[in-house]
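Here is the structure we will look at.
The values are calculated or read from the model by the stated rules, or taken from the named source; none is laboratory data. Since this is a predicted model, take the numbers as computed values, not measurements. Neighbour counts run over all protein chains shown; Cβ positions are idealised from the backbone, glycine included. Heads up: the accessible areas ignore ligands, DNA and RNA and are worked out on the full protein's heavy atoms, side chains in. Shrake-Rupley method; radii C 1.70, N 1.55, O 1.52, S 1.80 Å.
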Amino acid sequence: MTYIAKPKLHHPSLQPNALGFTRRDYEGRISTLCAGCGHDSISAAIVQACYELSIEPHRVAKMSGIGCSSKTPDYFLGQAHGFNSVHGRMPSVLTGAAMANRDLIYLGVSGDGDSASIGLGQFAHALRRGVNMVYICENNGVYGLTKGQFSATADAGAKSKSGEVHVDSAIDLISMALLLGASYVARSFSGDKKQLVPLIMGAIRHKGAAILDVISPCVTFNNHAGSTKSFDYVREHDEAVNAVDFVPARKEITADYEPGTTELVRQHDGSYLKLAKLRPDYDPSNRIAALAYLQEHQAQGELVTGLIYVAPEAADLHDHLGTADTPLNTLTEKELCPGAKALEVVNGEYR
Amino acid sequence: MRAITGPLAATNDFVVKFANINGSGSASANELFARSILRMGVPVASRNIFPSNIQGLPTWYEVRVSGEGWLGRRGGVDFMVALNPQTFDKDMASIEPGGYLLYDSTKPIPPEKFRPDITVLPIPLTEICNKAYADPRQRQLFKNIVYVGAMTSLLGMDLEAVKWLIAEQFESKPKLLAPNIQALGFGYEYARDRLKDRCKLKVKRQDKVGERIFIQGNNAAALGCVWAGATVCAWYPITPSTSLAENYNRHASRFRIDPVSKKKNFAFLQAEDEIAAIGMVVGASWNGARAFTATSGPGISLMSEIFGFAYYAEVPAVVFDVQRGGPSTGMPTRTQQSDLLLAAYASHGDTKHVLLFPEDPHECFDFAAAAFDLAERLQTPVFVMMDLDIGMNDWLVEPLSWDDTRRYDRGKVLSAEELEAGKTFGRYIDVDGDAVPYRTIPGTHPSQGAYFTRGSSHDAYARYSEEGATYVAGMQRLLRKFETAKSLVPKPAAREAKEKARFGVIYYGSTAVAMNEAVAVLEQKGLPLDLMRVRAFPFNDDVEAFIAAHEQVFVVEQNRDAQLMKLMVGECAIDPAKFLPILHFDGTPITARFIIKEIAARAGLAEAEAQEAAQ
Ligand SMILES: Cc1ncc(C[n+]2csc(CCOP(=O)(O)OP(=O)(O)O)c2C)c(N)n1
Ligand code: SF4
Ligand SMILES: [Mg+2]
């Protein structure tokens, strides 16, 4: 048999998008994570976001570090190249890849151990450089793959499965990202697909460093009473500042646009983020105020989610480096090599 | 010992050493001195011996003048320009019997404080400058030009050649030209009038420099990267490699600007550390760009985890290791060849890497370009093993050359057309029997050629696998790939003695210049030696054959542990008892005298003869 028929039509998720791809074209291998793991829901949200944006799967480069979370790029976008690097070093590998070809979409997936412990340095530097990427930290407060040790994002006072109480203060990747100059900063929850999918879509279309801290419960090691990263805890404490709707470029904005309660953010590529203000006083364009808001509300035990901050016209790494528009990996030998004559001139300068 | 017959007399064959204080602005004056001699057609070898410090500590600059064209360090000093009170006594003690000492006699030193067997050349540098200049900075800076002026007269150099060089140097700052020429004149006239005929070391115009250029290895390697089409450089500052990256940026900013947009056709990024630097290089190479990093030992240590990844996932990477004295921070501004074993097997698990050993800046250029071809052809990291001596000193070498008909070897990369034509793709399949698989670049084709790069065990299709047999097959293929590398890396350079030789000598890298001279002397003394300069790891079969063909083989290295010898013992089918290691590792470049003395002694040349040979 040369052709394996796929069940076609009828099922709504198999509707083709603008490019003629169905949702299935954005899937990957079968996940090997624990049943119910939050990370699998994030993979599903990535599939949904890419499908809805009608992205060509092969124009995405999927990068990750090491951990359960970092395994997931194998489980979505099977037609995209993937790079499962070493522990904590995804940001540098992604940065290098982005330097070589500015035209692909770079999707970095990491865990809280990968990003906040061993890889905190690379996390920080990739953000402050404005690497044009979507950086998703699948945050479960533990090292899943090494069987449940606390990670650096575990809250002080959180209890491990065996009853141990965490004492060190937590690293808040979102506050750090704001300080470091990330230009698209969001937090969400793996269990809230409605919030997560448009946030990923907005991040993909954002030019510059986009970071999503997605609380993603580890059902095996950190989903018990006393954990602050369990499904129940997150549902109870989730306080969204806004609800985001992604409006692609060239699509007319009509319908339920109500100034005052809704805000429109125009992105670099002409797309819009339509924000329903759930907290009327919250302004995602004010970095300093966002930081203060986070500190204040997190101190009260709230888990602030939504689009925390966006600077839609931020400069990115290539602006900083001054690289030409043509991707470096497509330059030909003729464009790259100055040749024998030029070398003769150089020789003359060293005599 | 040579009999003391009064002041040393020599033409175009002596060593001058400048003892200065770091940060006093002496470097450019000393270089001016060396270049002036080159302009007279006389070969020089210069070496900067500097501290890990910005200001205040002692620094030396050694210039060997050699009409014969010997470019290694000879050892010993014939003419000391002693301008650093901190090191004055030691500097004086290091002068050869019959040698010369120039010092600032503004505060004269009583004659009994000097060695009786040397000629003292007092010049009141401070006094001359204080009289001529009001500004304290000028007083300090021009002192350096004044002593160059004095040397010009003492050594009978061509004053016009020095003036020409100064004029070239200040072409863009004409205001500084006249005062520099004036300071040169102060020194020249003082020595001419007051120290006439006191110095019997002379420079005489020759025609021995020819088309050669005077360039640092880091600079030449950087040029090699530009010519080889490297578009991504990620690095972290570390002596002695920093100027390699900085020179790349400088040359690329000149030769790699898009003619229309005026933007850069390269990316130059100072990373947060060496781990990030190599991560970026691997990411960029994976994505189809030619990428490199430049570092030194401590950086190689930090990068090790990712070297193993690149070896196992088969991603190209070019790494320049400009070696310095280790272990730990060691002697950061001194030279050594002590990272060989580290680099050859960098990372956990069974790993092996390709190493190249350039002998001078000229070969740094060639090997830089070769490294990118090899890395992409073999899909693996390639290390260019330089050292501080080559990297940071100006060497007189043949001009750099590029053949315009040469093509980059971008290795086995499948294009969209090839994928479209239905070429089956499995990332790690050995299609051609040379153990080198085909790769694809992200974004090439909508439905063909995607794969998942990972450092975990994988099958021929890059799928995760913990099957023992699959893992073993992959590891065995990597070993076969290393065999393929043998036939692609630069072959060793061999030279047979005119007479049949009992002994062979194996050496590599910056040792070559001193070795060439040592062998010439030893042969004159009746000790014929066959030579093999190893240029790469894995070792070509010629290396094994060379060792087999000799009763005993000297291995001359600049490290404590005979690292190349160990690598050969481990990787070649040979008898380790054949090796006689000759090791120099005090941080200064190895000298011809040292090699002569060691080999002569071990080869059983009579003691007296050995001593004499070493003089
Ligand atoms: C250099 C190094 N040290 C330690 C490990 C072991 N290790 C593997 S995954 C992991 C932690 C992963 O935690 P996280 O990033 O939070 O991912 P999760 O499994 O929770 O999704 C560790 C410590 C490693 N792979 N490499
Ligand atoms: S251990 Fe935790 S993080 Fe890992 S797959 Fe299982 S549930 Fe997910
Ligand atoms: Mg985790």
Residues of segment A:66-75 being part of a helix (DSSP H, G or I) and either open to solvent by less than 20 Å² (accessible area, probe 1.4 Å) or within 20 Å of B:Met280 (Cα to Cα) (or both), in sequence order, are A:Ser69, A:Ser70, A:Thr72, A:Pro73
Next item on the list: Determine if segment B:466-489 includes at least one residue that is modelled with pLDDT of 95 or more, touching a helix residue (DSSP H, G or I) at 6+ places or on another chain (Cβ under 6 Å), crowded, with 21+ Cβ neighbours inside 10 Å and not polar (S, T, N, Q).
Entry: yes
If we ask which residues in segment A:129-155 are closer than 17 Å to A:Met90 by Cα and either more than 10 Å from ligand 3 (Cβ to nearest atom) or open to solvent by less than 10 Å² (accessible area, probe 1.4 Å) (or both), their number turns out to be 11
Turns out the helices (runs of 4 or more DSSP H) fully within segment B:105-184 with at least 3 residues that are touching a strand residue (DSSP E or B) at 6+ places or on another chain (Cβ under 7 Å) are B:136-154
Would a scan of segment A:115-123 turn up a residue that is at the interface with chain B (Cβ under 8 Å from one of its Cβ atoms) and either closer than 17 Å to B:Val282 by Cα or surrounded by fewer than 24 Cβ atoms within 10 Å (Cβ to Cβ) (or both)?
yes
Selection over segment A:126-151 where residues are closer than 11 Å to A:Gly111 by Cα, more than 16 Å from ligand 2 (Cβ to nearest atom) and hydrophobic (A, V, I, L, M, F, W, C) yields a count of 0
Considering segment A:286-314, residues that are in a loop (DSSP other than H, G, I, E, B) and surrounded by fewer than 13 Cβ atoms within 10 Å (Cβ to Cβ), and then whichever is nearest to the other protein chains (Cβ to nearest Cβ), we arrive at A:Glu313
- Query: Yes or no: A:Phe123 within 16 Å of ligand 2 (Cβ to nearest atom), in contact (Cβ under 8 Å) with a residue 12 or more places away in the chain and not small (Gly, Ala, Ser)?
  - Reply: no
Filter segment B:446-461 for residues that are under 30 Å from B:Phe539 (Cα atoms) and not charged (D, E, K, R); the one that is nearest to the chain's Cα centre (by Cα) is B:Gly455
Subset of segment B:168-223, residues of a type in the set (S, T, N, Q) and surrounded by 19 or more Cβ atoms within 10 Å (Cβ to Cβ), comes to B:Asn180, B:Gln216, B:Asn218, B:Asn219
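Suppose we keep only residues that are within 9 Å of chain B (Cβ to nearest Cβ) and within 16 Å of ligand 1 (Cβ to nearest atom) within segment A:31-65. Which one would you say is most open to solvent (accessible area, probe 1.4 Å)?
Quick first cut of segment A:31-65, residues within 9 Å of chain B (Cβ to nearest Cβ) only: A:32, A:56-63.
Within this subset, residues satisfying the condition of being within 16 Å of ligand 1 (Cβ to nearest atom) are A:32, A:62-63.
Working: A:Thr32: 100, A:Lys62: 4, A:Met63: 2 Å².
Among those that are within 9 Å of chain B (Cβ to nearest Cβ) and within 16 Å of ligand 1 (Cβ to nearest atom), it is A:Thr32.
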Going through segment A:76-89 in order, the residues found to be open to solvent by 10 Å² or more (accessible area, probe 1.4 Å), within 7 Å of chain B (Cβ to nearest Cβ) and either over 12 Å from A:Arg59 (Cα atoms) or hydroxyl-bearing (Ser, Thr, Tyr) (or both) are A:Asn84, A:Val86, A:Arg89
Among (1) closer than 30 Å to A:Ser230 by Cβ; (2) within 11 Å of chain B (Cβ to nearest Cβ); (3) within 16 Å of ligand 1 (Cβ to nearest atom), A:Ser92 falls short only on (1)
Checked segment A:319-351 for anything more than 7 Å from every other protein chain (Cβ to nearest Cβ) and either closer than 18 Å to B:Tyr408 by Cα or touching a residue at least 60 places away in the same chain (Cβ under 8 Å) (or both); matches are A:Asp319, A:His320, A:Pro327, A:Thr330, A:Thr332, A:Lys334, A:Lys341
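Residue-by-condition table, conditions (1) away from chain A (no Cβ under 14 Å); (2) open to solvent by 20 Å² or more (accessible area, probe 1.4 Å); (3) in contact (Cβ under 8 Å) with a residue 60 or more places away in the chain:
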{"residue": "B:Ala271", "(1), (2), (3)": "no, no, no"}
{"residue": "B:Gly288", "(1), (2), (3)": "no, no, yes"}
{"residue": "B:Phe292", "(1), (2), (3)": "no, no, yes"}
{"residue": "B:Ala313", "(1), (2), (3)": "no, no, yes"}
{"residue": "B:Gln323", "(1), (2), (3)": "yes, no, yes"}
{"residue": "B:Ser338", "(1), (2), (3)": "yes, yes, yes"}
{"residue": "B:Ala344", "(1), (2), (3)": "yes, no, yes"}
{"residue": "B:Gly349", "(1), (2), (3)": "no, yes, no"}
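Give segment A:116-130 a look and list any residue that's within 17 Å of B:Ala271 (Cα to Cα), within 14 Å of ligand 1 (Cβ to nearest atom) and in a helix (DSSP H, G or I), or say none.
Let us first name the residues in segment A:116-130 that are within 17 Å of B:Ala271 (Cα to Cα), namely A:118-130.
Pick out the ones that are also within 14 Å of ligand 1 (Cβ to nearest atom) and you get A:118-123.
Of everything in segment A:116-130, those that are within 17 Å of B:Ala271 (Cα to Cα), within 14 Å of ligand 1 (Cβ to nearest atom) and in a helix (DSSP H, G or I) turn out to be A:Ile118, A:Leu120, A:Gly121, A:Gln122, A:Phe123.
In segment A:228-250, how many residues are in a strand (DSSP E or B) and not small (Gly, Ala, Ser)? Spell out the reasoning first.
So in segment A:228-250, the residues in a strand (DSSP E or B) come out as A:238-240, A:242-247.
Within this subset, residues satisfying the condition of being not small (Gly, Ala, Ser) are A:238-239, A:242, A:244-247.
Matching residues across segment A:228-250 total 7.
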Considering only helices (runs of 4 or more DSSP H) wholly within segment B:361-429, the ones with at least 2 residues that are within 14 Å of another protein chain (Cβ to nearest Cβ) are B:361-378, B:416-420
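Scanning for something β-branched (Val, Ile, Thr), open to solvent by 20 Å² or more (accessible area, probe 1.4 Å) and touching a Ser or Thr at 6+ places or on another chain (Cβ under 9 Å), does segment B:442-450 turn up at least one residue? Break it down into steps so the answer makes sense when it comes.
Of all residues in segment B:442-450, those β-branched (Val, Ile, Thr) come to B:444.
Those still in the list that are open to solvent by 20 Å² or more (accessible area, probe 1.4 Å) too: B:444.
Narrowing further to those that are touching a Ser or Thr at 6+ places or on another chain (Cβ under 9 Å): B:444.
Within segment B:442-450 (the criterion being β-branched (Val, Ile, Thr), open to solvent by 20 Å² or more (accessible area, probe 1.4 Å) and touching a Ser or Thr at 6+ places or on another chain (Cβ under 9 Å)), the answer is yes, since at least one residue qualifies.
B:Val436 - would you say it is over 28 Å from B:Thr335 (Cα atoms), of a type in the set (Val, Ile, Thr) and open to solvent by less than 10 Å² (accessible area, probe 1.4 Å)? Before you say what the answer is, go through the steps one by one.
Values: over 28 Å from B:Thr335 (Cα atoms): yes; of a type in the set (Val, Ile, Thr): yes; open to solvent by less than 10 Å² (accessible area, probe 1.4 Å): yes.
In short, yes.
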Scanning segment A:221-243 for residues that are touching a Phe, Trp or Tyr at 6+ places or on another chain (Cβ under 8 Å), open to solvent by 30 Å² or more (accessible area, probe 1.4 Å) and not charged (D, E, K, R) gives A:Asn223
Quick count over segment A:189-220, residues being open to solvent by 10 Å² or more (accessible area, probe 1.4 Å) and within 16 Å of ligand 2 (Cβ to nearest atom), is 4
With criteria (1) in a helix (DSSP H, G or I); (2) over 30 Å from B:Leu154 (Cα atoms); (3) touching a helix residue (DSSP H, G or I) at 6+ places or on another chain (Cβ under 8 Å), B:Ser253 comes up short on (3)
For B:Gly41, the lone unmet condition from (1) on the phi > 0 side of the Ramachandran plot; (2) open to solvent by 30 Å² or more (accessible area, probe 1.4 Å) is (2)
